Amino acid sequence: MNATAPGAVIGSVMGEPSATGRFGQFGGRYVPESLVPACAALEAAFRDAWADPAFHERLARLRSEFAGRPTALTPALNLSAQLGVTLLLKREDLAHTGSHKINNVLGQALLAQRMGKTHLIAETGAGQHGVATATAAALFGMRATVYMGERDIARQQLNVFRMELLGAEVIPVTSGSRTLKDATNEAMRAWVAAVDEAHFCLGSVGGPHPYPWLVRELQRVIGEEARAQVPATPDVVVACVGGGSNAAGTFAGFVDTPARLIGVEAAGGAAMTDGRPGVVHGYRSLVLQDDDGQVLEAESIAAGLDYPGVGPEHAHLGTTGRAEYRTVTDGEVLDAVRRLARSEGIICALESAHAVAWVLRAAGTPDLPTGSTVLLTLSGRGDKDMATLAGEVR
Amino acid sequence: MKRLNPYLTGGITPDWIDYLIAFQEAGADAVEIGLPFSDPMLDGATIQQASDQALRRGVTVASILADLTAARDRIRIPLIAMTYANLVFRGAPAHGGGPEAFCRRLADAGVSGLIVPDVPVDEADRLDEAAAAAGIDLVLLAAPVTPADRLAEIGRRSRGFVYAVSVMDTTGERALLAETAAPLARRIKEVTDLPVLIGFGISTPAQAAAAARTGDGVVIGAALMRRVLDGASPDDLRAEVAAFRTALDQVDQEMPVARAHAEISGDRR
């Protein structure tokens with residue numbers, strides 16, 4: 001259980017970061033001077049927009065008329081009976097484009113438009129954020145350029161095709177591990193060279209201030225909807241964590257309740273579990289790195305979790321004990337995809353299956369006692385993973 | 001005299017110190033030593049490749065500093081380390097880490113300056129103190145988009161010189177000197193008496209000379225590292241750097257004429 005009583009932190013967590021963009025000792029704005037004015041301008045624009053009822057109204061309309069929100073809360077009846085817990089699924093897989101990423105992107109695209117930007121630059125791992133960005137760019141009549149690691153392009157072909165069909169340019173990244181880490185570097189480099197007309201549409205709760213705060217606020221809709229949908233406060237709230245945006249949005253809706261907050265990482269990319277304090281991609285957080293400070297390459301079957309860092313607010317929530325973090329293996333994840341599909345008729349993304357895998361493992365143990373109620377955010381659908389699954393699941 | 005600071009990725013080849021000595025012999029005023037990082041956000045393809053090549057060789061900050069210490073008797077010009085925040089802030093002071101220990105290690109190896117492109121002035125307080133305590137000049141960077149109030153703070157807090165990032169881009173060779181270079185150098189000179197060195201994209205002696213007509217010198221990186229990656233020898237690089245030296249010296253010779261002209265015309269700029 002928590003080291004800190006949840007009551008002691010009500011109102012003081014998952015609010016605004018400090019003036020320097022910090023959540024406790026994590027966060028900040030570690031970017032080249034060339035990007036500092038752009039980050040400051042984005043922060044100012046976000047503060048302005050977030051205080052403007054007309055902005056919220058436009059965002060709310062887009063969410064309901066375009067993105068299909070609110071998403072359903074589905075009681076997983078068969079799995080609940082099998083596991084002896086009450087499992088409630090927050091169905092972000094039902095949102096337009098197939099994942100929670102659309103929540104963030106619609107908000108950022110509106111903000112970019114408000115700032116007079118005409119070009120969205122994005123990084124993507126599994127391609128879900130890239131597809132969401134390409135979608136918003138099409139809707140808003142903007143240009144989209146998506147950086148994607150060569151290795152991820154090979155394993156997420158469907159999403160590459162979707163992005164291109166939507167009119168985005170997908171640029172393969174061949175440096176380093178050729179995954180999300182390197183795609184993020186390349187997107188930030190591209191932003192430096194195009195900062196006047198381009199908005200960097202960052203996909204997760206990492207990056208320089210104000211991104212971790214901005215993205216969490218745009219994903220807060222997950223947690224707020226779920227809170228209104230659950231019959232009573234759940235005992236446990238669980239979501240997968242790569243950079244951590246769906247978890248941050250979910251946790252934000254429950255951080256002031258007694259619910260335990262659990263983030264589930266990929267064993268091969270577990271910055272909360274194995275990381276050490278460090279600075280990468282513009283923010284200070286926990287980072288997988290070697291003894292010399294070189295950032296390590298994560299290794300996960302889920303491209304969206306194949307990332308050596310984690311959002312700074314998660315590092316803070318973990319350090320203070322308000323949230324707890326667990327890891328599951330690729331094998332457990334594949335079993336979870338199959339079990340959820342056969343029990344509930346839902347094929348979830350490999351990323352989302354990390355949260356499912358933890359519930360399957362923990363149910364009936366002291367970590368998740370029999371009779372508990374669990375809210376699980378199912379962050380995305382599994383169509384994109386068919387090629388991977390076809391090779392792995394029989 | 002116009003300053004020439006060539007850049008060298010530490011450990012890029014086993015004989016990398018020979019390149020450093022060649023730069024010195026060719027008339028470099030100081031050498032910037034890149035401490036390679038896995039995720040160099042502000043570097044273009046050439047410096048990325050140079051860093052990757054060094055890291056693949058197993059190079060570490062410790063091994064680079066050990067090489068510099070061993071070569072101490074041969075080095076007569078200042079050395080300036082250039083690296084990224086993660087290597088500088090790594091570890092806790094209680095365990096021999098943190099920027100305080102990092103700066104002391106640099107000083108012990110004979111390094112007297114430090115450039116960290118992903119630590120802008122707003123994030124520089126702790127590093128500022130650590131560097132000053134170790135006797136290291138923390139050089140701050142200014143960019144074409146830096147507004148006036150920030151530029152004044154950068155001018156006030158930078159030590160050694162101010163690094164003018166000539167272009168809104170990553171490091172790397174360019175066909176032309178960016179149009180943003182000269183206006184930026186002039187703006188910086190209005191807020192500080194420190195020398196202003198122009199870097200990013202300066203690829204040829206002619207571009208260096210053009211930049212030095214407004215700035216006090218230049219930093220040359222990718223143009224040299226591409227040659228090293230292509231297999232050029234320390235002797236080849238000596239000739240390369242000497243060509244930059246000659247071009248800058250020619251600018252020095254033009255200057256009295258320009259100053260005289262300014263006095264006659266009353267242009268005090």
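No value in this document is a laboratory result; all are computed from the given coordinates. Bear in mind the structure is a predicted one, so any value in this text is a computation, not a measurement. FYI the Cβ positions are ideal-geometry reconstructions off the backbone, even for glycines, and counts take in every protein chain you see.
Please list the equivalent ellipsoid semi-axes of the protein assembly as shown, computed as the square roots of five times the alpha-carbon gyration tensor eigenvalues, in descending order and whole angstrom.
Semi-axis lengths for the protein assembly as shown are 48, 25, 22 Å.
Under 10 °C and 1.306 mPa s, how fast does the range A:227-311 diffuse according to Stokes-Einstein, given a Kirkwood radius computed over C-alpha pairs? Answer in µm²/s, whole number.
Here the translational diffusion coefficient equals 115 µm²/s.
What lysines could a cross-link reach from B:LYS2, if we take a straight Cα to Cα line under 21 Å and drop same-chain neighbours fewer than 8 places away?
Candidates past the 8-residue exclusion: B:LYS189.
Select from B:VAL88, B:GLN53, B:ALA130 the residue farthest towards the positive end of the dipole of the range B:3-265; place +1 on Cβ of Lys and Arg, -1 on Cβ of Asp and Glu, and compute about the Cα centre.
The one lying farthest along the dipole's positive direction is B:ALA130.
Based on the Kirkwood radius over alpha-carbon pairs, what is the Stokes-Einstein translational diffusion coefficient of the range A:310-394 at 4 °C with 1.567 mPa s viscosity, in µm²/s?
The Stokes-Einstein estimate is 92 µm²/s.
Under a Cβ-Cβ cut-off of 10 Å, what is the net charge of the residues other than A:SER372 that fall near it, where Lys and Arg count +1 and Asp and Glu count -1?
With Lys, Arg at +1 and Asp, Glu at -1, the net is -1.
With both bridge residues required to lie in chain A, what share of the DSSP beta bridges run antiparallel, to the nearest 5%?
30
Between A:LEU165 and A:SER64, what's the calculated FRET efficiency when r is the beta-carbon distance and R0 is 22 Å? Round to 0.05.
The formula returns an efficiency of 0.35 here.
Compactness ratio of the range B:1-140: Cα Rg over 2.2 N^0.38 Å, N = residue count?
Against the compact-globule rule of thumb, the ratio is 0.99.
For the Cα atoms of chain A, what angle does the longest principal axis make with the long axis of helix A:330-344, in degrees from 0 to 90, nearest 10?
Between helix and principal axis, roughly 70 degrees.
Taking every DSSP beta bridge that has both residues in the protein assembly as shown, what percent is antiparallel when rounded to the nearest 5?
Rounded to the nearest five, the antiparallel share is 20 percent.
Applying the Karplus parametrisation 6.51 cos²θ - 1.76 cosθ + 1.60 with θ = phi - 60° to the phi angles of the range B:107-116, what ³J(HN,Hα) value in whole Hz is obtained for each residue in order, glycine and proline being reported as x?
Values, residue by residue: 4, 4, 8, x, 8, 10, x, 8, 10, 10 Hz.
If you project the alpha carbons of chain A onto their three principal axes, what span does each projection cover, largest first, in Å?
Dimensions of chain A along the principal axes of its Cα atoms: 55, 50, 48 Å.
In terms of the Cα gyration tensor, with a ≥ b ≥ c the square roots of its eigenvalues, is the range A:36-132 rounded because a/c is under 1.5, prolate because a/b exceeds b/c, or oblate?
prolate
Please give the charge dipole size of the range B:3-265, origin at the Cα centre, charges +1 on K and R Cβ atoms and -1 on D and E Cβ atoms. Round to the nearest 20 debye.
Its charge dipole is roughly 120 debye.
For the range B:3-265, how big is the tail of P(r) above 36 Å, as a whole percent of Cα pairs?
Pairs farther apart than 36 Å: 9 percent.
For the protein assembly as shown, what is the mean residue ellipticity at 222 nm derived from helices alone (per DSSP H run of n ≥ 4: -39500 (n - 2.57); sum divided by total residues; nearest 500 deg cm²/dmol)?
-13000 deg cm²/dmol
Build a GNM of chain A with springs between Cα atoms under 10 Å: which of A:PRO369, A:PRO258, A:PRO308 gets the top mean-square fluctuation?
Its mean-square fluctuation being the largest, the pick is A:PRO369.
Other chains near A:186-197: what is the mean number of their Cβ atoms within 10 Å of each residue's Cβ?
That average works out to 4.
Tell me which lysines have Cα within less than 20 Å of A:LYS90's Cα, excluding those fewer than 8 residues away on the same chain?
Correct list for A:LYS90: A:LYS101, A:LYS384.
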